Amino acid sequence: MSQKNRLDGGQIDRNHRLSFSFDGKNYSGYAGDTLASALLANDVRLMGRSFKYHRPRGVFSAGSEEPNALVELRSGARREPNTRATVAELYDGLEAQSQNRFPSLRFDVMAINDRLSSFLSAGFYYKTFMWPAAFWEKIYEPFIRRAAGLGHLSGEEDPDDYDKGFLHCDLLVIGAGPSGLVAAQTAGRAGAEVILAEEDFTFGGRLLADTGLLTDQHANDWIAEVVGELSNLPNVRLMTRTTVFGQYDHGIFGAVERVTDHLPEPPSQKPRQILWRIYAKRTLLTAGATERPITFDNNDRPGVMLAGAMRAYANRWAVAPAKEVAIFTNNDDGHRTARDLNAKGVKIAALVDSRADAPTSPEFEVLSGAKIIDSRGRLGLKSVKVRLQDGSVKDLTCGALGIAGGWNPNVHLTCHKRGRPVWNDHISAFVPVPDSDPLLRVAGAAAGLFSTHEALQSGADKTIEALKDLDISAHLPDLPQAEGAPVNIAPFWYVKGGKGRAWLDLQNDVTVKDIKLAHQEGFKSVEHVKRYTTLGMATDQGKTANLGALAILADLEGKTIPDVGTTIFRPPYTPVSIGAFAGRSRGKNFRPYRLTPSHKWAEEQGAIFVEAGNWLRAQWFPIEGETHWRQSVDREVLAVRKSVGICDVTTLGKIDVQGADAAKFLNHVYCNGFAKLPVGKTRYGLMLREDGMAMDDGTAARLAEDHFVVTTTTANAVSVFRHMEFCRQCLWPGLDVQLISTTEAWAQFAVAGPNSRQLLQKIVDPEHDISNEAFTYMACGEITICSGLRARLFRISFSGELAYEIAVPARYGDALIRRLMDVGEEFDIVPYGTEALGVLRIEKGHAAGNELNGQSTAAMLGLGRMVSQKKDSIGRVLAGRPHLMREDDYRLVGLRPVYAEDTILSGAHLMSVGDPANAKNDQGWVTSAAYSPHIGSSIALAFLKKGENRHGEVLRIVSPLDNMDIQITVTIPHFIDPEGVRLRV
Amino acid sequence: MIINHPLLGPRDAQEFVYLGDASLIDRPDAMAETALNDFHDYLYLRDNPAGSHQELWFHEQGDRSWLVVTRDTASHEITHVELAVDYAKRRGRDR
Amino acid sequence: MRYSALRVLLEGLRRNTGWKPVWRDPAPQPEYDYVIVGGGGHGLATAHYLAKVYKKAWIAVLEKGWIGGGNVGRNTTIIRSNYLLDGNEPLYEFALKLWEGLEQDLNYNAMVSQRGILNLCHSDAQRDAFRRRGNAMILNDADAELLDQEQVRDMVPFLDFENARFPIKGGLLQRRGGTVRHDAVAWGYARSADSHGVDIIQNCEVTGFKIEKGTIKGVETNRGYIGANKVGVSVAGSSSRVMAMAGLRLPIESHVLQAFVSEGLKPIIPGVITFGAGHFYISQSDKGGLVFGGDIDGYNSYAQRGNLPVVEDVLEGGMALMPMIGRARLLRMWGGLMDMSMDGSPFIDKTPIEGLYFNGGWCYGGFKATPASGYVFAHLLATDTPHETATQLRLDRFLTGAMIDEKGAGAQPNLH
């Protein structure tokens, strides 16, 4: 179990050895390792292949900006493609596979693309694959699709749970490096509610990767001290493994906490990840900075990495990326890396500094004014070629190269609300506009303040400032003494004059030449260059690549970098699992279920249920011997027509309308009149939208002068109530009227059929006379049943039979249906579901959702005369527009097949017999169709042009989708009792 | 977004349902000769500024108040919130 | 410069030094016959057809930023012609037919990929509505198939059929639907228009219209006055602001629609799939990213960014429909500015100002219409009569009551 590149020291637990595998080969590492550090410790430099050319690649960074070392982590249904090895915490038994290669990482046949790169330059695919036209979908595209992509999804359901939560705080601190730790300390001591969120699995940020002292303490000891203090403060919440990925409006942030990703699998009851929505009164961004490379030919070999990452591997993880390394820098920070590695006993082949006046070192060779111009080593770096200041060229043997091109502040979150960073010449990088957002301040390296001293100081200062906004007084803590090294950088972005390919975007294989080609072809704006070359579009979002490309573009345009522009960042800061956004809302829990009061009873009866919005309603009630749903539905329909049936209609919206002006108010919202409706009567009402189209229908029952009960359709219960409140509060605020939704408060059942009155008489208390004479058609009243239970009774009918709807307080709903079924036994009562309800209403010709689909006028529904012209109601004016009043508009009709055995399908279109079936001849469509056991054939409702004048006409209906073409006879839309006699007996 | 409800304090915008321009309160006289044109302009031709916008939000998962919210459509910053019923009365709406 | 495999080969051998700019970068002329305001997909397509099909000359496209920077570069790349109403379906089917020949017309590979679009239904009423729509499509010479549950399962077995809150009952499939590489559409039209003599002028923002006696004379821009006989405005997202400069109010609100893409993955989703019981649709790009979206945020906005609740809503739909995507990662989200019209349908019409024409109000459906929108707008500009597929897209349709309301949502833009 050799870890041949392991050094002394580091923040790994050598007592806790872990075994893991990569591409099937076993290795060992230690607790505290990442997959990348453990692989490096085992001298594995080749970790992946690039997207386009399948170039061999090794780890490039030590953080979430990693473009190269992407693996498929875990196996089976838990496989996670594109996982960055640099942030994957090592656990015992970890399995990882390389991706985007075939058959193996070392030998990948797709690397042929690399040989063909001259023909695969930026945007080449826009210029070819056009001939022959039919080949795109069949040949070219399938090949391209297979070759593209990175890792594989398992294709299986994600077995893990995700959660969501809300957090609130005075101050959210994003990033727990020196600046963030001091910020949390400052705010915590002031008593503010603080959240400190850190994407890493441990606190400290860049301090973990460096060796400087804080006063006389090692950084680790100082971190432990501060974290110890913070963890004892009840007002501070410390969150590791938590990435704040997005800033949204009004101080709301999205964050994802990786709760159990560092374990082989989540322990039971534990989610894999939690999506937090953090509501912060003030926020401090202390997210540090990301190093950027210098670009030169073949700068992409395994072993080439950012110098700061190399330093982190050596100091934090005690790993040398190779026995001998070289450093290439344009600033002082590269020297720090060389010093630290040298101190760890790693041989420094040379430090190549592009600056002629580079500082010298007694410890290692410094080649000032020199540049690395090429490298060797196909599967791993073997040497680099250096052009010295005098122009001579020299080879340096090394197994790794650290590149230090300067640091870019992590400004990402400041851009999420469309803020644009500004250029800072001193550090040659974009920084956030200071004090541009009162809700979000920036400190430390994220603000371009790179020394530890500045980080500490600004973290405290900005916190005090932010808390002052909230009237919380905070004080500067005793800050430790820390290095305050100035930034010395001479911008140097890429080595000019190379003949080979020099990589900018390592993952998407965008080279300097690609940028130049894009520019040559007229793609000169930054956004064009990005889109044409795919620069910055890979999983790392170009965190290490974008600025280098801007610099090249600036050269090509003869402008400065800020004049060329910048590209702003969008959420998420790093990619976030889709599962985390969904949380528990998946499978059966996607949306809540609403259950009717009779649900339990219906379940006991073996009812089949159907989704109606969020409701579950009984669709039909099969009984023994029935093998097909039609048998059940036909039986239920016939039973209603013959005797009595009962159906739970609780789902219909119910709105109580009370107040002296209740009638006046309803006169406004319904197109027909309600002012003169007597107490004790119910009226059918049609509501229009203000644009004159039918919105909803239902009934309004007048229980008292100042009290109406309005019903709506199930689907529109919520929107009608909202609309009525709009009318009440916004249009007629002076009316004395109040509304309340009582949909859930009352259980309501339709009791329908010739024997319905006799049935009800068995439960209605005797003091209430519900005889035909006393309680006439459309009567309503507040009554009592079953010896004193208050109830509401409405004599209304959807089925066309003598029928009632009876409502009791919801908690009695279950008891009521059981009682009705008991006392109804002598009438052979049946419960009926939504299917039978639908058949009954089609037989009667009542419009429902398929007809009231928001595209129908009252006239189309045959209700044009209901629209009162004598009063101002919503929709009346615009219903009078010429197109909506036209004579040849659609009208609701009934359809019966000419040949009784034919089945009419809803959604079929109406044509004249003999006309070709095309759009020009289209005369209407079938809205609702059913088999009518009463008629003994298929029947339907339809909208037909000029339909009211065409009863008796034979037309055909066609459904090319079903190869259906049958003849039908147009009828009135009432298949039963058009005179309404049955309602009134 | 967070809407500072005049009665209930700051509430998440998710509790609300958006309708649109507060000019929907200014419903024209339905009996006027010009009603058809007036209603057309009222319903279909709303201001659509890139900037300060008075708009109607309904506190559906709350107290069922309609609110008039003044919000910048470019920055989403909210500068004023009031009950629509007060706003409507001020605009002369009554019975 | 004609593009072909051979050309790629030859230029490759010459180290790609021979490629010419895809479009010129001309200075604006003082006057044009036709000025198209807006260098997005629709504006560039308009210029292309105006020059190539209607043989007009002296055409300029004015773009305030860089071409293709608006919704043509921010959408989820879907093409389809699965509309219901007479006012819409012929236009979208015309668009689909133009897509089918686009690469050959433009000599530019925009990767029109007809991998199919499948709309899932979850209730009988939804299936009825799909049948009505599918039949309307076929009657309009488009293709459509109504699938039952088993056929859907055969086609996309990875959906949640076992544990679904809203079981999948079937679907409406249009095999000719699919996706197109969106940026390439803008570039391809620009290249072709340019090669037919159109001046594409970037960084040229229109700041006003010169109108005399009810007739357009030209436009003021940040690069000076440009005279024009006819001005066509095609600036989705900014329609209200631009037309306000001509004193016109539009039945349009601006809303934000978010879109999303995942990290690149090996192929796993064949075509386009839409969830019928939530707000979610998805496809997979040729590069491997899952491209998906849902509903608009729902409030007026010019911010080109949205908020978290809609992100969650979209991904809840995604996980409810296909729980295999839980471990894929969301890479990027962005917002586009939608011209949401009052009935959900667009406008391609003359304005009350002589010589000023308007094309807009595409809601979130403009991309798929791009070729037809450009074609019929060019027809209108060239002939002063509406193209036969666009006779109902009138600005005055709310006055007459001839709405084209596919959803039946009425005069509430955020519901369309």
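A short reminder: the numbers here are calculations on the coordinates, not readings from a lab. Note that the structure is predicted; figures quoted are calculated from it, not measured. So basically every Cβ, Gly included, is an ideal-geometry build from the backbone, and we count neighbours across all protein chains shown.
Please list the three semi-axes, largest first and in whole Å, of the ellipsoid equivalent to the stretch A:293-405, using sqrt of 5 times the eigenvalues of its alpha carbon gyration tensor.
Working: eigenvalues 71, 56, 26 Å².
Ellipsoid half-lengths, sorted descending, are 19, 17, 11 Å.
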Measuring from label point to label point, each 7 Å out along Cα→Cβ, what is the A:Gln758 to A:Arg106 span in nm? 9.2 nm
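Could you calculate the FRET efficiency of A:Asn772 with C:Ala244 from 1/(1 + (r/R0)^6), where r is the beta carbon distance between them and R0 is 56 Å, rounded to 0.05?
Working: r = 65 Å, r/R0 = 1.15.
So the FRET efficiency works out to roughly 0.30.
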Be a star and scan the stretch A:156-198 for residues whose amide nitrogen sits under 14 Å from the point 7 Å along the Cα-to-Cβ vector of A:Ser473. A:190-191
Overall Cα dimensions of the stretch C:59-121, principal axis frame, Å, largest first: 41, 24, 23
Just the Kirkwood number for the stretch A:13-119, please: inverse of mean 1/r across all distinct Cα pairs, in Å, one decimal. 14.1 Å
Relative exposure of C:Thr46, A:Thr511, A:Thr742, C:Thr221, judged by other C-beta atoms within 10 Å (fewest first): A:Thr742, C:Thr221, A:Thr511, C:Thr46
In whole Å, what three semi-axes, largest first, describe the equivalent ellipsoid of the stretch A:755-818 built from its Cα gyration tensor (square root of 5 times each eigenvalue)? 18, 14, 10
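Can you tell me the convex hull volume per residue for chain A, based on C-alpha atoms, in Å³ to the nearest whole number?
Values: hull volume 227.9 nm³, N = 985.
Hull volume normalised by residue count: 231 Å³.
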In percent, how large is the relative contact order of the stretch C:1-104, given Cα pairs closer than 8 Å and 6 or more residues apart? 19 percent
For the stretch A:233-278, state the average projected area of the convex hull of the C-alpha atoms over all orientations, rounded to one decimal in nm². 4.2 nm²
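Mean separation of Cα pairs under 8 Å and 6+ residues apart, divided by the residue count of chain C: what relative contact order is that in percent?
Working: 976 pairs, mean separation 91.7, N = 416.
Averaging sequence separation for qualifying contacts and normalising by length gives 22 percent for chain C.
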Taking every C-alpha to C-alpha distance in the stretch A:931-985 and binning by 5 Å from 0, the per-bin percentages run 4, 15, 21, 23, 19, 10, 4, 3, 1
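What translational diffusion coefficient, to the nearest whole µm²/s, does chain C have by Stokes-Einstein, given a Kirkwood radius computed over alpha-carbon pairs, a temperature of 37 °C and 0.692 mPa s viscosity?
On the way: Rh = 22.0 Å.
Once the numbers are plugged in, D ends up at 149 µm²/s.
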Where the only charges are on Cβ atoms (+1 Lys, Arg; -1 Asp, Glu), what is the dipole of the stretch A:927-984 about its Cα centre, to the nearest 20 debye? 140 debye
Compute the label zone of B:Ile2 within the stretch A:154-169: residues whose backbone N is under 16 Å from the point 7 Å along Cα-to-Cβ. A:166-169
Least to most buried among A:Arg956, A:Arg876, by other C-beta atoms within 10 Å and fewest first, runs A:Arg956, A:Arg876
Whole-Å semi-axes of the stretch B:2-90's equivalent ellipsoid (Cα gyration tensor): 26, 15, 10
Could you identify which residue out of C:Asp343, C:Asp199, C:Asp86 has the top mean-square fluctuation in a GNM of chain C using Cα springs shorter than 10 Å? C:Asp86
Which values of log₁₀ I(q)/I(0), to two decimal places, follow from the Debye formula for the stretch A:669-751 at q = 0.19, 0.25 Å⁻¹ with a uniform point scatterer at every Cα? -0.95, -1.61
So for chain A, averaging the separation of alpha carbon pairs under 8 Å that are six or more residues apart and normalising by length, what relative contact order in percent results? 9 percent
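Cα gyration tensor of the stretch A:102-156, axes a ≥ b ≥ c as square roots of the eigenvalues: rounded (a/c below 1.5), prolate (a/b > b/c) or oblate?
Details: a/c = 2.40, a/b = 1.28, b/c = 1.88.
Note, shape of the stretch A:102-156 comes out oblate.
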Per residue of the stretch A:502-511, in order, report the coupling 6.51 cos²θ - 1.76 cosθ + 1.60 (Karplus, θ = phi - 60°) as ³J(HN,Hα) in whole Hz, putting x for Gly and Pro. 10, 8, 9, 8, 5, 6, 8, 6, 9, 10
Can you work out ³J(HN,Hα) from phi for every residue in the stretch A:792-798, in order, using Karplus 6.51 cos²θ - 1.76 cosθ + 1.60 and θ = phi - 60°, giving whole Hz and x for Gly and Pro? 10, 10, 10, 8, 10, 9, 9
Under the 7 Å Cα-to-Cβ spin-label approximation, C:Tyr54 and C:Arg24 lie apart by a distance in nanometres of 2.2 nm
Paramagnetic reach from A:Arg584 (point 7 Å along Cα→Cβ, amide N under 15 Å) across the stretch A:241-284: A:269-276
Computed on Cα atoms, Rg of the stretch A:122-243 relative to 2.2 N^0.38 Å comes out at 1.82
Treat each spin label as a single point 7 Å out from the Cα along the C-beta direction, and report the A:Lys25 to C:Thr207 distance in nm. 6.5 nm
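Could you line up C:Thr389, C:Thr17, A:Thr711 from fewest to most neighbouring Cβ atoms inside 10 Å?
Sorted ascending by nearby Cβ count, the order is C:Thr17, C:Thr389, A:Thr711.
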First obtain the Kirkwood hydrodynamic radius of the stretch A:887-984 from its Cα pairs, then insert it into the Stokes-Einstein equation at 4 °C and 1.567 mPa s, and state the resulting D in µm² per second as a whole number. 96 µm²/s
Under the rule of -39500 (n - 2.57) per DSSP H run of 4 or more residues, summed and divided by the residues of chain A, what mean residue ellipticity at 222 nm is obtained, to the nearest 500 deg cm²/dmol? -5500 deg cm²/dmol
Give me the number: length gained by fully extending A:His16 to A:Ile608, i.e. 0.36 nm times residue separation minus the C-alpha to C-alpha distance, one decimal in nm. 207.4 nm
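For A:Ser868 and A:Glu826, calculate 0.36 nm times their separation in residues minus their Cα-Cα distance, and state this gained length in nm to one decimal.
On the way: separation 42, 0.36 × 42 = 15.12 nm, distance 4.56 nm.
Residue separation times 0.36 nm, minus the Cα-Cα distance, leaves 10.6 nm.
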Whole angstrom only: what separates the Cα centroid of the stretch A:954-974 from the Cα centroid of the stretch A:246-265? 56 Å
